[in-house]
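Step one of this worksheet: look at the structure below.
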Amino acid sequence: MSDCKLKVALQKSGKLSEGSFELLNKCSFKLRPSKNHYLIETKELNSSFLLIRDDDIPGFVDSEVSDIGIVGENGVFEYILDNPKHNLEVITKLGFAHCRLSIAVPQDGQIKSIQDLHGKTIATSYPASLRDFLAKHNVQAKILVMHGSVELAPKIAIADAICDLVSTGATLKENKLVELEVIFESEAVIIGNKNCSAEVKEKINELIFRLQSVIEAKDSKYIMLHIDKSQVGKLQEILPGCESPTVLYLHGSEDKVAVHVVSKEGIFWDTISKLKSIGATSILVLPIEKMMS
Ligand code: PRT
Ligand code: ZN
């Protein structure tokens with residue numbers, strides 16, 4: 001592999017940063033961000049990590065200051081709408097920082113449908129995404145751009161509705177707001193520049209391979225158990241997402257076998273109960289660190 005530098009942009013601090021550092025550290029990067037550090041250089045893949053605000057990441061990757069970046073899909077979508085000549089591409093989804101961009105309205109108010117937004121004022125930090133949504137639904141409304149505390153806008157009577165990110169819904173509830181419409185669902189993604197060099201592309205592919213191995217392993221479990229061999233077929237019905245099990249004979253036993261299997265979905269207590277109900281014993285459920293397919 002070439003020894004060119006791989007330049008990665010990450011959110012310094014916020015809802016994307018913890019997940020980004022955790023995922024990269026599981027790929028051996030050993031990133032230890034501290035308050036006044038904005039650049040971390042590592043020998044791993046000869047890479048450097050620039051720690052910035054999430055809003056700046058799409059622009060940094062688009063202008064090739066950084067080769068790739070981790071950002072929310074909502075941020076990419078907003079950037080793309082504002083910069084139609086961009087060179088960005090979403091390389092892979094990362095399975096964390098799930099949220100949705102939604103329009104929300106006062107719970108006891110008059111706005112009950114998208115059409116009721118006509119002539120109203122909507123506060124948001126995502127004007128391009130909101131404008132795009134309103135145009136698609138033929139609704140003319142005023143957009144009030146705010147860079148924080150959007151949920152307070154209806155309370156202080158500067159807007160009739162808001163368009164903001166929702167995760168658990170607790171913030172909306174606290175502010176007596178309800179979701180009227182989900183504009184889109186979002187999660188953390190890796191973005192890259194379509195024009196990157198072949199050497200950089202090679203490094204990106206290696207990083208993506210490592211990240212996907214960790215992501216795939218996240219919910220997977222390695223399960224070992226003993227069971228009567230007549231019951232092996234039923235195991236696949238009980239264990240979610242399991243591939244062909246390995247069946248090993250137990251020394252000194254005619255009927256019992258040991259089964260080793262990877263289950264690609266979470267194993268919950270009710271799954272264990274079902275395994276016990278078909279006679280499984282000595283059940284071990286182990287986490288998997290990496291899965292290379
Ligand atoms: O300083 P910087 O500009 O880097 O950070 P920021 O404050 O602009 O962004 P940050 O850290 O809040 O969010 C970064 C990204 O995380 C977003 O662009 C989303 O892709 C993702 N994300 C995931 C979220 C949330 N979940 C989320 N819940 N971003 C924001 N929120 C906020 C939301 O705006 C609202 O205020 O959390 C509140 C709602 O949460 P619930 O759980 O009460 O519904
Ligand atoms: Zn931001």
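Set against the 2.2 N^0.38 Å expectation for a compact globular protein, the range 220-287 has a Cα radius of gyration ratio of 1.00. A Förster radius of 30 Å, combined with the Cβ-Cβ distance separating THR92 from VAL285, puts the computed FRET efficiency at roughly 0.60.
Pick out the long, greasy-scoring helices in the chain: whole DSSP H runs spanning 15 Å or more along their own axis by Cα, mean Kyte-Doolittle at least -1.0.
For the chain, where a helix must reach 15 Å along its axis and average at least -1.0, the hits are 198-218.
Rounded to the nearest 0.05, the FRET efficiency derived from the C-beta distance between ASP219 and VAL145 at R0 = 25 Å is 0.05. Amide H contacts under 5 Å for GLU181: ILE103, restricted to partners 5 or more places along the chain or on a different chain, H placed in the peptide plane at 1.01 Å from N.
Considering the dipole of the range 47-106 built from charges on the beta carbon (Lys and Arg +1, Asp and Glu -1) around the Cα centre, which of GLY75, LEU94, VAL105 is farthest to its positive end? Of the options given, the answer is VAL105. Per residue of the chain, the DSSP helices (runs of n ≥ 4 H) give a summed -39500 (n - 2.57) that works out to -7500 deg cm²/dmol at 222 nm. Separation of the range 1-75 and the range 147-218, taken as the distance between their Cα centroids, equals 16 angstrom. Annotation: aspartates and glutamates with alpha-carbon distance below 15 angstrom to LYS274 (same-chain offsets under eight excluded): ASP228, GLU237.
Between LYS136 and VAL178, the FRET efficiency from the beta-carbon distance, with R0 = 22 Å, is close to 0.50.
Annotation: the chain has a Kirkwood hydrodynamic radius of 22.4 angstrom, from the mean reciprocal C-alpha pair distance. Between the range 100-124 and the range 262-293, the alpha-carbon centres lie 45 Å apart.
Would you list which aspartates and glutamates come within 14 Å of LYS221, measuring only between C-alpha atoms, while excluding same-chain residues fewer than 8 positions from it? Straight-distance partners of LYS221: GLU243, GLU265, GLU289. Dividing the Cα radius of gyration of the range 99-186 by its Kirkwood radius returns 0.91 for Rg/Rh.
What pairs from LYS93/LYS203; LYS229/LYS264; LYS120/LYS155; LYS12/LYS173; LYS43/LYS85; LYS7/LYS35 go past 25 Å between their alpha carbons? With Cα atoms farther than 25 Å apart: LYS12/LYS173; LYS43/LYS85. Here the chain exposes an accessible surface that is 52 percent carbon and sulfur, computed with a 1.4 Å probe and the other protein chains kept in place.
Listed peptides 272-281, 185-194 appear in the order 185-194, 272-281 once ranked by packing, highest mean of other Cβ atoms within 10 Å at the front. In terms of its Cα atoms, the range 142-261 spans 78, 47, 18 Å along the principal axes, sorted from long to short. Placing a label point 7 Å from the Cα of ILE156 along the Cα-to-Cβ direction, the residues of the range 102-128 whose backbone N falls under 15 Å of that point are 123-125.
Entry comment: accessible area of the chain is 54 Å² per residue, from protein heavy atoms only and a probe of 1.4 Å.
The values are calculated or read from the model by the stated rules, or taken from the named source; none is laboratory data. Computed from a predicted model, the values in this text were never measured in an experiment. Cβ: placed from backbone, ideal geometry, glycine included. Neighbour counts: every protein chain shown. Accessible surface areas use protein heavy atoms only, side chains included; no ligands, DNA or RNA. Shrake-Rupley method; radii C 1.70, N 1.55, O 1.52, S 1.80 Å.
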